[in-house]
Amino acid sequence: MAAKILDGEAFATRLHRETSARVAKLKARGTVPGLVFIRVGEDPASRAYVSRKEKRAQEVGISSRTLVLPASTPLHSLLKEIDALNADPKVHGILIQSPLPPALPNDLVYAHVSPAKDVDGFHPVNFGKLLLGDPTGFLPCTPAGILEILRLGEIPTAGKHAVVVGRGQIVGRPLALLLARKGPGADCTVTLAHSRTAHLSEITRQADILVAALGRPLFLQQEHVKPGATVIDVGVNRLADPADPRGYRLVGDVDFASVRSVAGAITPNPGGVGPMTIALLLSNTARAAEDFSR
Ligand code: NAP
């Protein structure tokens, strides 16, 4: 039987509708949710990501703008810009687009954003709240988007074995913690695999829910997947392709063509996790504005 397609675009459209309604309520009370993107340097992929997010923000009624800084921006100038946004009552969410130029220390920069405006969920205070199960924090958008894919796709989680491949700070590690939480949409038994994991395919074949967040093009093949498993593909990778005018095409961490015939449910890529990440960013921004206007 063909795998059920977990259509991230369609789920994201549902979430955008809910966010639009919340934004309309805020505006009726006199609060226009504001989101500012900070982009440092001219990385073409970052430029494309930010303009996609900005467009969606405007569609749901969030006022958004992008602060573009040269790649040579010194740390103290960037921190000063963040200070000004932290203090601006019209700004409810701040997103620093990665990657930052190598001279700028990621951890220091992300920790400078006010935790109340950290709609990306990267601040240590918000990460700590995730760890403690404190719902007042912001969850990181990609892991939270994956939980929503499982919920909207009606994939049971309680008692299931989830294997997350990749222990990165933005996706794998927080997602493993979220799936292991007590309560609806979680209660999984979780294995967190990484580049030093021995016998990876034996482990992934035990997964009821298999998440690929390793950043290796088309890495997960049919032999990694138990028949009927739910497969979530987070990866965004460039694969050289002379037939494409850009010289490359974007592919996930999962070989969709081979895995879809064995999986029970699977996210397409593109059109799976990516749109849900944006949907959660905008939902977090509406939350930040709601908290501010209380
Ligand atoms: P990351 O921080 O570089 O982490 C990658 C993880 O994968 C590491 O834990 C690494 O193990 C593990 N890994 C690498 N090669 C492996 C292998 N052969 N076998 C098993 N594990 C392996 O990356 P990330 O930021 O988490 O991102 C992961 C992917 O998701 C990237 O393709 C990124 O572009 C994509 N992404 C997509 C979205 C979205 O919205 N769709 C959002 C964020 C990220 P070690 O820890 O041992 O090095």
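Specify the residue that is nearest to the chain's Cα centre (by Cα); the eligible residues are those in the range 254-273 that are buried (at least 24 other Cβ atoms within 10 Å of the Cβ) and closer than 22 Å to SER51 by Cβ. It comes out as VAL273. Looking at the range 159-179, which of the residues that are near the ligand (Cβ under 9 Å from one of its atoms) and of a type in the set (Lys, Arg) is farthest from MET276 (Cα to Cα)? Checking each candidate, the answer is ARG167. The set of residues from the range 128-151 being under 20 Å from ALA207 (Cβ atoms) and either within 16 Å of the ligand (Cβ to nearest atom) or of a type in the set (A, V, I, L, M, F, W, C) (or both) comprises THR142, PRO143, GLY145, ILE146, LEU147, GLU148, ILE149, LEU150. Evaluation of SER46 against the conditions (1) at pLDDT 95 or above; (2) surrounded by 16 or more Cβ atoms within 10 Å (Cβ to Cβ) shows that the sole unmet condition is (1). Among the conditions (1) without any contact (Cβ under 8 Å) to a residue 40 or more places away in the chain; (2) not assigned by TED's automatic domain parsing to the domain that holds LEU104; (3) not in a helix (DSSP H, G or I), LYS25 misses just one, which is (3).
Could you go through the range 132-154 and let me know if any residue there is farther than 25 Å from ALA48 by Cβ and buried (at least 22 other Cβ atoms within 10 Å of the Cβ). Scanning the range 132-154, I find at least one residue that is farther than 25 Å from ALA48 by Cβ and buried (at least 22 other Cβ atoms within 10 Å of the Cβ), so the answer is yes. Only one of (1) more than 16 Å from the ligand (Cβ to nearest atom); (2) of a type in the set (D, E, K, R); (3) assigned to a strand (DSSP E or B) is not met by ARG246, so which one is it? Among (1) more than 16 Å from the ligand (Cβ to nearest atom); (2) of a type in the set (D, E, K, R); (3) assigned to a strand (DSSP E or B), the lone unmet condition for ARG246 is (3). For the range 26-36, a residue qualifies if it is surrounded by fewer than 13 Cβ atoms within 10 Å (Cβ to Cβ) and on the phi < 0 side of the Ramachandran plot, and the qualifying residues are ALA28, ARG29. State whether one or more residues within the range 235-253 are of a type in the set (S, T, N, Q), crowded, with 18+ Cβ neighbours inside 10 Å and within 22 Å of the chain's Cα centre (by Cα). No: the range 235-253 contains no residue that is of a type in the set (S, T, N, Q), crowded, with 18+ Cβ neighbours inside 10 Å and within 22 Å of the chain's Cα centre (by Cα).
Listed here are the residues, each with its yes/no results for (1) within 22 Å of GLY137 (Cα to Cα); (2) within 14 Å of the ligand (Cβ to nearest atom); (3) assigned to a helix (DSSP H, G or I).
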position	(1), (2), (3)
ASN269	no, yes, no
MET276	yes, yes, yes
THR285	yes, no, yes
GLU290	yes, no, yes
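Taking the listed residues GLY235, GLY183, the one that is assigned by TED's automatic domain parsing to the domain that holds LEU147 and either away from the ligand (no atom under 16 Å from the Cβ) or of a type in the set (Lys, Arg) (or both) is GLY183, with no other qualifying.
Please verify whether GLY8 is on the phi > 0 side of the Ramachandran plot and either surrounded by 14 or more Cβ atoms within 10 Å (Cβ to Cβ) or in contact with an Asp or Glu (Cβ under 7 Å, 6 or more places away or on another chain) (or both), treating the condition exactly as stated. Spelling it out, it is not the case that GLY8 is on the phi > 0 side of the Ramachandran plot and either surrounded by 14 or more Cβ atoms within 10 Å (Cβ to Cβ) or in contact with an Asp or Glu (Cβ under 7 Å, 6 or more places away or on another chain) (or both).
In the range 162-174, is there at least one residue being in a helix (DSSP H, G or I), without any contact (Cβ under 8 Å) to a residue 24 or more places away in the chain and over 16 Å from the mean Cα position of the chain (by Cα)? No: the range 162-174 contains no residue that is in a helix (DSSP H, G or I), without any contact (Cβ under 8 Å) to a residue 24 or more places away in the chain and over 16 Å from the mean Cα position of the chain (by Cα).
For the range 199-221, the criterion of being away from the ligand (no atom under 13 Å from the Cβ) and touching a helix residue (DSSP H, G or I) at 6+ places or on another chain (Cβ under 6 Å) is met by no residue. Just one of the listed residues (LYS117, LYS182) is surrounded by fewer than 18 Cβ atoms within 10 Å (Cβ to Cβ) and over 13 Å from the mean Cα position of the chain (by Cα), namely LYS182.
The values are calculated or read from the model by the stated rules, or taken from the named source; none is laboratory data. On a predicted model such as this, the values are computed, not experimentally measured, just so you know. In this analysis, Cβ positions are derived from the backbone assuming ideal geometry, glycine residues included, and neighbour counts consider all displayed protein chains.
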